[in-house]
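Heads up: the structure comes next, in structure tokens.
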Amino acid sequence: MNKILRVFGVLLSTIVVLTAQTTEDLIEKNAQLDTNKVITAWDLHPEITKMIQTILERYHFKKIDLNDSVSSLIFDEYIDRLDNNRIYFTEKDINDFKKFRTEFDDNIKNGNLYPAYFIFNRFKKNLTKSIPIIDKILAQGFDFSRNEQFEIDRSKANFPKNDKEVYELWRTRLKNDALNLKLNGKEYNEIKKTLTNRYHQFHKFILQYDAEDVFQLFINSFTYNIDPHTSYFSPKTSDDFKINMSLSLEGIGATLSNQDDYTTIMQVIPGGPASQSGILKEEDKIVAVAQGKNGEWVDVVGWRVDDVVQLIRGKKGTIVRLQILHGDMSLNSKPFELELVRDKIKLTERAAKADTVDIKFNNINFKIGVIKVPDFYTNYGNTDEKSSSTTEDVERLLTDLKKAKVDGVIIDLRNNGGGSLPEAIEMSGLFIKEGPVVQIKNSTGRIDIEEDPNPNITFEKPVLVLVNRYSASASEIFAGMIQDYGRGLIVGEQTYGKGTVQNLISLDKLVKETPQQQIGSLKMTIAKFYRVTGSSTQNKGVIPDISFPTVYDPKESGESSIKSALPWDKIVSSQFHKYGDLTNVIPVLTKNYKERIKKNPEFKYIYEDIDKYNKTKNQKFFSLNEKDRKKERDENDKIKETRKKEREKFAKDEDPFLSEAKRILSDFILQTKKK
């Protein structure tokens, strides 16, 4: 296996790090856009389509059978990507498109892109038709005393039958938007202006789509149904991706995804402006974006993530302002404003860092070391950074912790989405003397076993690995190895379950005659990871020895929530020698942990939030009555205020999971000594 092979991590989101156009470039420069322009494929697109299909058929890890059944899945995915809320297409449109449902397989093989562009042009036409409807509804205003409801998630709903149903869907949607703004203290004139700008600006973004944008959208509706980590990158997206994967990043340092019409923070990258602010956190929602100190706010609710990224990213030293709703805030809450100065995210600031803490457990003093590993990085190809690699940094930190005479170490891999495979292997070797670390099976069925390259053990004392749902790929390899060897405890949430390897192929090199325009790249799944026991990390991830409470149901988040994800399976176990058998001690540690958290106020809050989430997660409708919504908001504010007062009576725990992990490790050390 090539030692510079990289595990591309969780690529269901976009990292906001690049140099970009200004808001004025993106919105105002095309003020005279032709709303009736019909977009057609470039001459080269049919050849690229056939090329992609051939490459996937021959070299993808999964054996692909492109047939009518897959065609139907591509059709549904493409429609969902264009109109997930089912508000632009009507039943008539879908009936007009039905002739294409079982033809996409043949179209892709033949390079026929007419149906894809026909559907997109209809979408653009209907989007244009929605603008006067929106303007008319906003001009009339709303009666918030009526008992009406708004359907939250329409991804599974029926498409509207006629113009009357389209109008009613827009009316309730806009009324919900307006009520949120009204509850935040805005007058109707301001509400009307905000919502007018929101939908007019989105319209302008879509009108700026060119043939390459539509091509990428359609081809990725195809590749997504093969597996979620295989995708086509247009020339521009390909360049962005290559810069994203480098270790020299420039921007605010945050990973974004789309959740229920809101651009949401998935990860705050250590060392970036977002992290240094100390304010932005995972699950926070971005409501609006502005440039500089005095730039006009651009409302981004309902926008695609890629379009929001265009507004947020920018040159080092420039200012971007965000309106934010914290993850625990109601959508009715008033967002707060945050000013960030875009900067270069240095590898040295993203590097692994260590700390020590003294803890008294069962009247015994323990010194615990904590090493935070944000990702598995390497200095390969990097000449402007002094930092080396994850393994070298962690080895140095472990040596320092040994000198500090720690009793055990916590390796914190929460939100670590992966990175360099060789680094995950070499870092694993710091905790074992010898043996296999991971097995890799390629598309031909060949299995390579990657061994610990270092015959020495850097750290022999007890180890605890802290993980969550966003620990993925290379993180899962390390955590799985620690668990399989009985080398330490895995504590936290079930990990993401990304156990596949991708390779980036430049399509430009495969074209016989080099065209004037660039073609782009194909990111393709070529192999699969397996633990030393033979169990795949794909789909299932790593299940902790001790599980923390979480609102994340594996069926609703992570790899296992994606229908097209490759399945879990198992191969023959490799030969390895376990360092210990923790089957007897884990039940004792779990029992003690559960008894402790019953008395922990922070865990009480966590369970309350989980209970609330479970009661509301299947809620399909929001009330559009102002009194009802205000009552709901007031109840949420009351809970926050009560917790705030309660926290004043005890030491506020900024990170209850890490604090409890320290107690579990102390108990583990104690139980091991007893044994």
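Here, each number is a calculation from the coordinates, and none is a lab measurement. In this text, all values refer to a predicted model and were calculated from it rather than measured experimentally. Cβ atoms come from the backbone with ideal geometry, glycine included; neighbour counts cover every protein chain shown.
Projecting the Cα atoms of Leu331, Ile269, Asn416 onto the dipole axis of the chain, where Lys and Arg carry +1 and Asp and Glu carry -1 at the beta carbon, places Leu331 farthest toward the positive end.
Using the Kyte-Doolittle scale, find the helices of the chain whose mean hydropathy is at least -1.0 and whose Cα atoms extend 24 Å or more along the helix's long axis, counting only whole DSSP H runs.
Length and hydropathy pass: 114-140, 163-183, 188-207, 656-674.
Taking other residues whose beta carbon is less than 15 angstrom from the beta carbon of Ile191, and scoring Lys, Arg as +1 and Asp, Glu as -1, yields +3. Per residue, the average separation of C-alpha pairs within less than 8 Å and at least 6 apart gives the stretch 21-239 a relative contact order of 32 percent. The packing ranking, built from the mean of other Cβ atoms within 10 Å per residue, places the peptides 536-547, 204-215, 184-195 in the order 536-547, 204-215, 184-195, highest first. Applying the Kirkwood pairwise sum to the alpha-carbon positions of the stretch 249-345 produces a hydrodynamic radius of 13.1 angstrom. Positive end of the dipole of the chain (Cβ unit charges, origin at the Cα centre): among His45, Thr90, Thr672, the Cα lying farthest that way belongs to Thr672. About its Cα centre, the chain has a charge dipole of approximately 1400 debye under the convention of +1 per Lys or Arg Cβ and -1 per Asp or Glu Cβ, with nothing else charged.
When restricted to Cα atoms, the chain yields an Rg and a Dmax of 26.2, 78 Å, respectively.
Among residues other than Thr642 with Cβ under 13 Å from its Cβ, the summed charge is +1 (Lys and Arg +1, Asp and Glu -1). Assuming charge only on the beta carbon of Lys and Arg (+1) and of Asp and Glu (-1), the dipole of the stretch 21-239 about its Cα centre is about 620 debye to the nearest 20. 3J(HN,Hα) along the stretch 570-578, derived from phi through the Karplus expression 6.51 cos²θ - 1.76 cosθ + 1.60 where θ = phi - 60°, amounts to 9, 10, 5, 5, 7, 8, 8, 10, 5 Hz, with x in place of Gly and Pro. Evaluated over the Cα positions of the stretch 601-652, the convex hull gives a direction-averaged projected area, one quarter of its surface, of 4.0 nm².
As a rough footprinting exposure proxy, the listed residues Arg313, Arg446 were ranked by other beta carbons within 10 Å of their own, and the order from fewest upward is Arg446, Arg313. For the pair Asn362 and Lys617, label points projected 7 Å from Cα toward Cβ lie 3.5 nm apart.
Counting residues in the stretch 21-239 as N, plug N into 2.2 N^0.38 Å and put the Cα Rg over that result.
On the way: Rg = 19.7 Å, N = 219, 2.2 N^0.38 = 17.1 Å.
Rg over 2.2 N^0.38 Å, computed on Cα atoms: 1.15.
Ranked by the mean number of other Cβ atoms within 10 Å per residue, highest first, peptides 470-478, 627-635 order as 470-478, 627-635.
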